[in-house]
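Asker: I have a structure here, written as structure tokens, and I will follow up with some questions on it.
The values are calculated or read from the model by the stated rules, or taken from the named source; none is laboratory data. It should be emphasised that the depicted structure is a prediction, and the values quoted were computed from it without experimental measurement. When we count neighbours, we look across all protein chains shown, and the Cβ atoms used for this are built from the backbone with ideal geometry, even at glycine. The accessibility values were calculated without ligands, DNA or RNA, using every heavy atom of the protein model including side chains. Shrake-Rupley method; radii C 1.70, N 1.55, O 1.52, S 1.80 Å.
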Amino acid sequence: MSNIILVLLLSLCCTIHALPSHGGAEVYVHAGQSIQSAINAAQAGTRIKVGAGTYAEQLTISKDGIALIGDGATLVPPAVPAVNTCTGIAGGTTNAGICVTGSGIELAPFVVEHQKVLSVEKPVTDVFITGFNVNGFDGANVLVVGGEDTRVTDNNLYNGGQYGFLAAGSTNTVVSKNNVVSEQSLRYIAICTDNFSGARVVRNHISGYSVGLCVQTSGSEIAFNEVTNGCVGSFVDPNVNGAQVVHNSFGASNPACIGQSPIIGGVVIFAADNTNVQSNVIRDQRAGGVAAGIILVDALEFGPDLVANDNKIVDNVLVNNDYDIFVNTTGTGNVIADNQCTLPAELCA
Ligand SMILES: *[C@@H]1O[C@H](CO)[C@@H](O)[C@H](O)[C@H]1NC(C)=O
Ligand SMILES: *[C@@H]1O[C@H](CO)[C@@H](O)[C@H](O)[C@H]1NC(C)=O
């Protein structure tokens, strides 16, 4: 009996499409229907396909194994914002377009960038988001907080106010093959993965953000991305240990960065340790003489111990930058070798 009622309820919002082999249901959302209603009605493990059309909604996903699959679907902010776990994480009253959230999340107060996650009682696992266009949310277009094994692949994330994509307090997040673009003005951060552990950010295309790739997860892999038209291609934060920044391409910086961004360059290692910056191509980092392809510096203004140690900068190709490599650290064990570059001659020999 209750199954029949469930089916009737589901059919109000969605067409039951097929029953895939892994046991979860599959539902279809059409233009004019609510994606969130479909998520609310879904069991864990459901694939939710969303047809072509514009949907003015914020989405909250807190069930394990939900796959949200856009097929020409565009998500834009609703007239009246909804409040969920992601509200305010990127500051003020900002909201996320898609909020993937665990439960029992304890957040630190907002200081800069985004609220840090202090603890997560129960993560949400195996959420998958693909094929979506998400446009113009004032916080992050997609925000993952307390997620485990979240995958965000092949989406177009346009004009996210503070972030295109942000993961915080999450484990094993994969962000791949997304277009993350700010169209008119320079916006803040395209993709940021902020601990707990494990993050892969690969093959994304990024343009128009002050910081393209914000690296705040120790051991994370940042590979094969293409970043242009921003101020810093990839910024590795203090105390982040063992990040891999490899095989990326960093192109021309945005002229609006001059006077606006305190630091302009392709890869910045800011008092991080054991970073591997290898096999990247970095060109056209120019800002009247102060930009550099790769910057390795301490962060003593934020703490006496914030020194860059044991970083490796090898096999990169640097072309047409104000400076190819700029190093100013009192740290030890840093290796700079085998880069194709010209300035300064002593680091490029
Ligand atoms: C995550 O970030 C917070 C805030 O920066 C830090 O206190 C915490 O130690 C980090 N956790 C891990 C596992 O790196
Ligand atoms: C190098 O770093 C020290 C300490 O942070 C700073 O005082 C100095 O101005 C820096 N040098 C250059 C050339 O930026």
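Asker: With angles folded into 0 to 90 degrees, how steeply does helix 2-13 sit against the dominant principal axis of the chain? Use alpha carbons for both and round to 10.
Answerer: 60
Asker: Rounded to the nearest 500, what is the chain's calculated 222 nm mean residue ellipticity when only DSSP H runs of at least 4 contribute -39500 (n - 2.57) each, over all residues?
Answerer: Computed ellipticity for the chain at 222 nm equals -1500 deg cm²/dmol.
Asker: I'd like to compare 290-302, 337-349: which one has the highest average count of other Cβ atoms within 10 Å, and what's the full order after that?
Answerer: Working: 290-302: 20.3, 337-349: 13.7.
For the peptides 290-302, 337-349, the packing ranking is 290-302, 337-349.
Asker: By average Cβ neighbour count within 10 Å, what is the ranking of 48-56, 321-329 from highest down?
Answerer: Top of the packing list down: 321-329, 48-56.
Asker: If you take the charge dipole of the chain about its Cα centre, with +1 on Lys and Arg Cβ and -1 on Asp and Glu Cβ, which of 316, 328, 88 is farthest toward its positive end?
Answerer: Of 316, 328, 88, it is 88.
Asker: Can you compute the equivalent ellipsoid semi-axes for the range 167-240, i.e. the square root of 5 times each eigenvalue of the Cα gyration tensor, sorted largest first and rounded to whole Å?
Answerer: Values for the range 167-240, descending: 20, 13, 10 Å.
Asker: Still on this structure, please answer the following. Where the centroid of each part is defined by its Cα atoms, how far is the range 79-126 from the range 254-320 in Å?
Answerer: Spelled out, the Cα-based centre of one part sits 30 Å from the other.
Asker: Quick one: which of 210-217, 129-136, 160-167 comes out on top by average Cβ neighbours within 10 Å, and what's the full order, highest first?
Answerer: Values: 210-217: 27.4, 129-136: 21.1, 160-167: 28.9.
In descending order of packing, they fall as 160-167, 210-217, 129-136.
Asker: Of the heavy-atom accessible surface of the range 83-347 (probe 1.4 angstrom), what whole percent is carbon and sulfur?
Answerer: Solvent-exposed carbon and sulfur of the range 83-347 make up 50 percent of the total.
Asker: Per residue, how much accessible surface does the chain expose to a 1.4 Å probe? Answer in Å², no decimals.
Answerer: Here the per-residue accessible area is 41 Å².
Asker: Translational D (Stokes-Einstein, µm²/s) of the range 83-347 at 4 °C and 1.567 mPa s when Rh comes from the Kirkwood sum over C-alpha pairs?
Answerer: Numbers: Rh = 18.1 Å.
Answer, rounded: 72 µm²/s.
Asker: Evaluate the Kirkwood expression for the hydrodynamic radius of the range 198-349, namely the inverse of the mean inverse distance over all pairs of different C-alpha atoms, and round to one decimal in Å. Working shown, then result.
Answerer: On the way: mean 1/r = 0.0679 Å⁻¹.
So the Kirkwood estimate lands at 14.7 Å.
Asker: How large is the Kirkwood hydrodynamic radius of the range 64-108, counting all unique pairs of alpha carbons, in Å?
Answerer: Value: 12.6 Å, from the Cα pair sum.
Asker: Given charges of +1 on the Cβ of Lys and Arg and -1 on the Cβ of Asp and Glu, with all other atoms neutral, how large is the dipole of the range 83-347 about its Cα centre, in debye to the nearest 20?
Answerer: I would put it at about 520 debye.
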